[in-house]
Each structure stands twice: as structure tokens, then as C-alpha cells.
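Here is the structure we will look at.
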Amino acid sequence: MIRIHALKETIESGEQSYPIYLALMQADEISKIADVPSYRETTTNADIARNVSTVPVKEWQRPPIPEKIEAIRQLFDNRGEFMPNPILIGENPHTIVPPKVEPVLIGGDSASVWELVIELAELGAEKPLWILDGQHRIAGLSASAQSSNPVPVVFLLNEGSVHYGADTLAQIFAQVTTSATPLGALHREWLSYAFSLNHYSPRELRSLAQKKSMAAVLSLCMKPSFGEQPNPFFDRIQYNDRLPLSRIQPGGHVYSCIELKDIVFRSYYSAQKNQTELDPEDVAMQMCLARIALVDEIRTPVERSVFFGDESHHQKIMEDAFWSGVLRYLAVRGVPRSWRDVLRALNFHSTNWDFSWKLSLHGRDQSTSKALAVKVMVDIFSKQTLPSGNNSVADLLRGNGAQFELEAFKLTCKGRRSARDTAVLEVHRGAVTSFPIEPCVGIRLRKRSLNIQDVVVTDKQAPPGTLVEYKKVLRGGGMILDGSRHKNPLELLFTLKHYGGVTSTADVQIGW
């Protein structure tokens, strides 16, 4: 048993009271009564996922950094150094014997000093306290020549009531550590999930959808199999910031828990559904089965495939889009009888998934391609068919059958676009055509095919070196043709943006 004299103050915040005790203790004494609930640098992703899915969460602090501990030890082996900044210690909510707080009596009267009575844990049992901030300082000081010197300590104790729950202590830990060595992004994410912090907090909009999305990814990472089906994602989703990447077989992107959670959240749990919502473990199982079906159905050599290929062939954009399509299928159509049947209906088995034809996946081409790939996959998985005239997903993404509509319109007496007596021209990629619109006075872009992500419209009669764009004005309300600004006929070049920086064009001559 250890007895510590401390000063007490109570902080009021809103409707909550937080008792705080200030004391001095030797570093080596602190090590006897306080644990650091940390995972290890070598803790597997599956073990972290399993730990985070278990209540109460046992290991939620980051691993100690040996170099940091050794630097502190060497510093305090030198004369003239001491530790003035306090260690922050909280009550372990899982301890068998919690600390006791007793008033110190002087002459029978209560003094302003309190006594903290802390039982030493038996061998193998959890210690009664947690070090929230200062684990490296305590470890370094304990191993130094100043191990017996006192250091200031702040105690956060419950006093028999739950002033400091595990979630409160985790939040305090997350806050105080950012000023020194910030938490890794993955650690912060699953710590927030485990203790319902940040976007997982019940106070936040769609927090339940966030929780379910992460629960699905946890299940996908920690389960070796679903029924008799081996799980290719087992221990292959990153939860430990410090572990090297462990690739899924036969290849593809190694997803972090944040990346995959965001996809599940966006494409399933926060999306509109036509089917009864699946629980997270069922979503994980369907993702496992869909991945296995993808491996079985792709005929393109593994090393050249956009899904599994080497660095020059693999395209994460397409893998992300695939998962968006799979999850949208579940939301709209429910659990399929067979994912292989789903993929065969979309000609995955006959598509050439070697996308060496792409020109660019950088800058604006990257964002355009990503948006297009997701849009295409979501559409074809939802409808379970490719657009008419397309026999493969690759052909569709490259712009096969691309088309859009131009609408010519009149104005009402109030000068607004009239919805009556319009004329519509269907324009196909590669077209060179004319569109006499008289007596209409304006034109606008209407619906475009699935495989067009953007349309750039320029004036072909503009002076050399001058680019005149009509892209914005042709959308929405459209463009009124005016003799002071437009030639008659007006010659327009439509550049259609497809996947991978691929473009196609159409020439339209507007007579008005």
C-alpha cells in the first residue's frame, strides 16, 4: 500500500465536476502503481481490431518510444537537471481495488491536505492507475540517477463516483499528446471509435453510420474466415501505424482502416437504401465474397491488372470504384445469390483490365477519372447491366458510345427560357454536324452519357492564341445567341472527358 499526501481542487465544467489532486512522487514509485495501457509496435492489425472490438478496450495508448526514453534517461543522469512539468495520472476503471481518498486530520480537524491510499496490485493484475501523459518521462527518470527524486503529479480520481470514465480519460490522452508527439492518424481514428470521440461521438451527425462503417472494417480485418470461406482481408487492413504494409493476395491496394471505413460509410451506411440494412459483420462478409469473386473472374494477367497489378498497372482509383459499386449493389439490390454471377452480368470476365491505354492519372485527370470510375461502377452495379452498345467496362470508360444532347430554346415574353417548342440534337463523339435552330434564340447542354465526366466547349472561330469557353453558360439556363458576341453560324468544339485523361471531340455548327 502506498499513501500520498495531495492538495485537492474541483473544477466545474457545465454540469460536471472534476476533482483534481496535486502531489509529488518519486518516479520509481509511480511505476509501481500506474500502468500504460498501450499496444506494442509489433501488435498485428488483426489484434488491434480485435482489441478495439472488445469492451472494455484494454490497449489504447501508443507504444513507448525507446529512443525517447533513453534520451530522457541520459538527460537526467546529468547533474543540474530536474523535472518540473507534471505527470498526468488517471484512475484505471478496470482495477479491482480503486484508490481511496481520505481527509488528513490535524488535532481532530480536517486539513486542506488529502491522503490518497493506493493498494499495490498483485502480480499479473491490473494496476490501479493509468499514466495518461508522461510515460516516457517516468520510464526515463526511473532508469536514471534521479529515480528517487520527486516529480509533480496530477491525479484524476473518481472518489467512488464516475467523474472520469474510460472515454473521458481517452479523450484527455488524445488532447494532451498532440502538443508533443502527435498520435498517428490510424491510432487516433480507432481510439476515437473505441471511446466514441470526434465524428464517432453521439453528438455528431451520422455518428451511428460512422460507427457501423468502422465496425464492418474491424470485422473484415480480424476474422480469419467467414463460415468456411477464408478471408483475404484478414490482418491486411492497416490499424497499426508502425507496422510495415502486408499486401493482400494476389495483389492490390493495402487499405488503411480510415480509407476503407470512408468508402463503406459513403457508399453504404450513409447512402439511401432500397433493402433492409445489413449489420456490419454481414457487410464485411459480402466484401470478402466479392473480392474472392473478383479474383476468380478476372482473366487479365495478375501483374497487368488494374486491380492486382504491379506499380505501373495497378490503379487504386479502380479498386475504390469497385468497392463503391459492390456496396451500392448491397444498398439497392441486397445480398446476391452469387457475386460471380453479378460480375459476369457486367462482363468482368471478358473485360481487358490492363488499362495501359490511360494517358494520365495526375492532377485534374486524376479527380476526373476517380469521379467517373465511381459513377460508372455505382450505375452498372445498381442496374446490373452495361449501357447499350458496350461489351466491356474498359470500353465504356474510354468513351465508347459517348453522346450528349444540345437543346435549342425560345424566350418567353418575360425573357425567360421557354420549355415549349424546343429543338434537340443528339451529338455523338466524333460527330461533325450542323444544328439550325431558328426561330430558337438560345442553346444549352442537356443530359450526357454515363461515360462523360466533363464537357469543355470552345469557340472554333476565336482568334489564334485565344481560348473562348462556353462551358459554364451552356449549363443551367443556357446561352442566348447575340450578334454582337457570336458569329453566325457559331462553330463549337465539344471536348468530352473520359477516364485516364482520354478525350474525344465533336464539332457542331449552330445556325441561328
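Values as computed for the structure displayed
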{"item": "Solvent-accessible ranking of Lys472, Lys58, Lys383, largest area first, probe 1.4 Å", "result": "Lys472, Lys383, Lys58"}
{"item": "For Val502, distant residues with modelled amide H under 5 Å away", "result": "Leu359, Ser360"}
{"item": "Prolate/oblate/rounded call for the range 68-132, Cα gyration tensor, a/c under 1.5 rounded", "result": "oblate"}
{"item": "The range 234-313: trypsin sites (Lys or Arg not before Pro) in DSSP coil with no more than 12 other Cβ atoms inside 10 Å", "result": "Arg247, Arg299"}
{"item": "Sites matching GluC sites (Glu not before Pro) across the range 177-229 that sit in DSSP coil, with at most 14 neighbouring C-beta atoms within 10 Å", "result": "Glu204, Glu228"}
{"item": "Under-5 Å amide H pairs with Leu411, H placed in peptide plane, nonlocal only", "result": "Ser418, Val441"}
{"item": "Helical segments meeting 30 Å axial Cα length and Kyte-Doolittle -0.5 threshold in the chain (DSSP H)", "result": "363-383"}
{"item": "Whole-Hz couplings from phi, Karplus 6.51/-1.76/1.60, listed for the range 485-494; x for Gly and Pro", "result": "10, 10, 7, 10, x, 9, 9, 10, 10, 9"}
{"item": "Accessible area expressed per residue, the chain, with surrounding protein chains retained (probe 1.4 Å, Å²)", "result": "48"}
{"item": "The range 163-281 - Rg and Dmax from Cα coordinates, angstrom", "result": "15.7, 50"}
{"item": "Sequence of Trp357, Trp190 when ordered by accessible area, the most exposed leading, probe 1.4 angstrom", "result": "Trp357, Trp190"}
{"item": "Kirkwood-based shape ratio for the chain, expressed as Rg/Rh from alpha carbons", "result": "1.15"}
{"item": "Rounded, prolate or oblate (a/c below 1.5 giving rounded, otherwise prolate when a/b exceeds b/c) for the range 1-128 by Cα gyration tensor", "result": "oblate"}
{"item": "Residues with amide H under 5 Å from that of Val151, placed H, sequence gap 5 or more", "result": "Met25, Gln26, Ala27"}
{"item": "Intensity falloff of the range 7-71 expressed as log10 I(q)/I(0), Debye formula with alpha-carbon point scatterers, at q = 0.13, 0.15, 0.16, 0.28 Å⁻¹", "result": "-0.66, -0.81, -0.87, -1.13"}
{"item": "Which of Thr458, Thr412 is most accessible, then next, and so on - probe 1.4 Å", "result": "Thr412, Thr458"}
{"item": "Qualifying lysines (Cα of each under 17 Å from Cα of Lys460; at least 8 residues distant if same chain)", "result": "Lys471, Lys472, Lys487"}
{"item": "Carbon plus sulfur fraction of accessible area for the range 342-398, probe 1.4 Å, in percent", "result": "45"}
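The values are calculated or read from the model by the stated rules, or taken from the named source; none is laboratory data. Nothing here was measured: the structure is a model prediction, and the numbers come from that model. Reconstructed Cβ throughout: ideal geometry from the backbone, glycine too, with neighbour counts over all protein chains shown. For accessibility, only protein heavy atoms count, side chains too; no ligands or nucleic acids. Shrake-Rupley method; radii C 1.70, N 1.55, O 1.52, S 1.80 Å.
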